1. Looking at region 20-51 only, could you name the residues that are touching a residue at least 24 places away in the same chain (Cβ under 8 Å) and open to solvent by 50 Å² or more (accessible area, probe 1.4 Å)?
2. Of everything in region 3-19, what is open to solvent by less than 20 Å² (accessible area, probe 1.4 Å), closer than 20 Å to Lys178 by Cβ and assigned to a loop (DSSP other than H, G, I, E, B)? Give them in sequence order.
3. Inside region 198-240, can you point out the residues that are part of a loop (DSSP other than H, G, I, E, B) and open to solvent by less than 30 Å² (accessible area, probe 1.4 Å)?
4. How about region 168-178: which of its residues are farther than 18 Å from Val105 by Cα and buried (at least 17 other Cβ atoms within 10 Å of the Cβ)?
5. How many residues does region 124-162 contain that are at pLDDT 95 or above and small (Gly, Ala, Ser)?
6. Starting from residues that are of a type in the set (A, V, I, L, M) and either surrounded by 15 or more Cβ atoms within 10 Å (Cβ to Cβ) or without any contact (Cβ under 8 Å) to a residue 40 or more places away in the chain (or both), keep the ones in region 143-153 and report whichever is farthest from Pro214 (Cα to Cα).
7. If I filter region 87-123 down to residues being in a strand (DSSP E or B) and at pLDDT 95 or above, which single residue comes out as farthest from Ala77 (Cα to Cα)?
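The values are calculated or read from the model by the stated rules, or taken from the named source; none is laboratory data. In this text the structure is predicted, and so the values were computed from the model without any measurement. Cβ coordinates were reconstructed from backbone atoms using ideal geometry, including for glycine residues, and neighbour counts include every protein chain displayed. To get the accessible areas, we keep the full protein, side chains included, count just its heavy atoms, and leave off ligands, DNA and RNA. Shrake-Rupley method; radii C 1.70, N 1.55, O 1.52, S 1.80 Å.
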Amino acid sequence: MSSRLIGVGVGPGDPELVTVKGVNALRAAEVVVVPVMDTGERGRAEATVLHYVGAEKVVRVVFALNERTDRARREAAWDAAGERVAGLLREHGSVAFATIGDPNVYSTFTYLAQTVGELVPGTVVETVPGITAMQDLAARSGAVLTEGTEPLTLVPVTAGSAVLKDALNGPGTVVAYKFGRQAAEVAEVLRETGRLGDAVWGSALGLPEESVRPAAELDGAPLPYLSTLIAPARREDGRGGKL
């Protein structure tokens, strides 16, 4: 039988936001892999998974998730993680990989699946979608992501504040991921583009240390790396004005 690697989105942190299909996939797999940083602390995916499966079923695999400058070190970590998961597939046949958010949105799962597919030919790769941070932040803050014909643009600020500025100068709602370390630059870009007033940011969504605040309160201090920002579309036409 073919080996099965299943990427399971477990949401942004709140265990109640894991889908029923996600819980079933985690429980059905022989092994559940969770990514951890090389510093060893429990990650958000692992903490969420442990609400649904026993610790004896969970295998921690190190990814250089916090590596931004040393490409060789980062790729070596991906290769090592792929080798580890490939070994688990050969041994157990079915492995679930838990990832925060959704496995097809800026997830380490995509790198893992590519590597494992080369190491274990014939592996069947599947994904179970998860609630994203932008959806959770919209729900917790009351921000509406899209109306009518508005576009929605998702930008990782690790690509540079210029990319964010281009998006904010365009139409529709803009969501920024991974902006915590560049919070001061993001605040300045929001001011320059006239998008500061309605914008909101959040971090640690669904966790005890959750913070959901107006972007106007950004004071330049660094925020948690996984902070999320929503700058809603300019809506001046009234209800249904963009249909």
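1. Matches in region 20-51: Lys21, Arg27, Ala28, Glu30, Met37, Asp38, Thr39, Arg44, His51.
2. If the condition is that a residue be open to solvent by less than 20 Å² (accessible area, probe 1.4 Å), closer than 20 Å to Lys178 by Cβ and assigned to a loop (DSSP other than H, G, I, E, B), then Val10, Pro12, Gly13 are the ones that fit.
3. Looking only at region 198-240, we keep the residues that are part of a loop (DSSP other than H, G, I, E, B), and these are 198-199, 204-210, 218-227, 232-240.
Answer for region 198-240, where residues must be part of a loop (DSSP other than H, G, I, E, B) and open to solvent by less than 30 Å² (accessible area, probe 1.4 Å): Ala199, Ala204, Leu205, Gly206, Leu218, Ser227, Pro232, Ala233.
4. Residues of region 168-178 that are farther than 18 Å from Val105 by Cα, as a first pass: 168-172.
Across region 168-178, the qualifying residues are Leu168, Gly172.
5. 7
6. To start, the set of residues in region 143-153 that are of a type in the set (A, V, I, L, M) comprises 143-145, 152.
With the extra rule that they be either surrounded by 15 or more Cβ atoms within 10 Å (Cβ to Cβ) or without any contact (Cβ under 8 Å) to a residue 40 or more places away in the chain (or both), the set shrinks to 143, 145, 152.
On the way: Ala143: 11, Leu145: 16, Leu152: 20 Å.
The residue in question is Leu152.
7. Taking region 87-123 first, the residues in a strand (DSSP E or B) are 94-99, 101.
Keeping just the survivors that are at pLDDT 95 or above gives 95-99, 101.
Working: Val95: 19, Ala96: 19, Phe97: 16, Ala98: 17, Thr99: 17, Gly101: 21 Å.
Across region 87-123, the extreme among qualifying residues is Gly101.
Here is a yes/no grid of residues against (1) over 26 Å from Gly22 (Cα atoms); (2) open to solvent by 20 Å² or more (accessible area, probe 1.4 Å); (3) in contact with a strand residue (DSSP E or B) (Cβ under 8 Å, 6 or more places away or on another chain); (4) not hydrophobic (A, V, I, L, M, F, W, C):
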| position | (1), (2), (3), (4) |
| --- | --- |
| Tyr111 | no, yes, no, yes |
| Val163 | yes, yes, yes, no |
| Asp166 | yes, yes, no, yes |
| Gly180 | yes, no, yes, yes |
| Val186 | yes, no, yes, no |
| Leu190 | yes, no, yes, no |
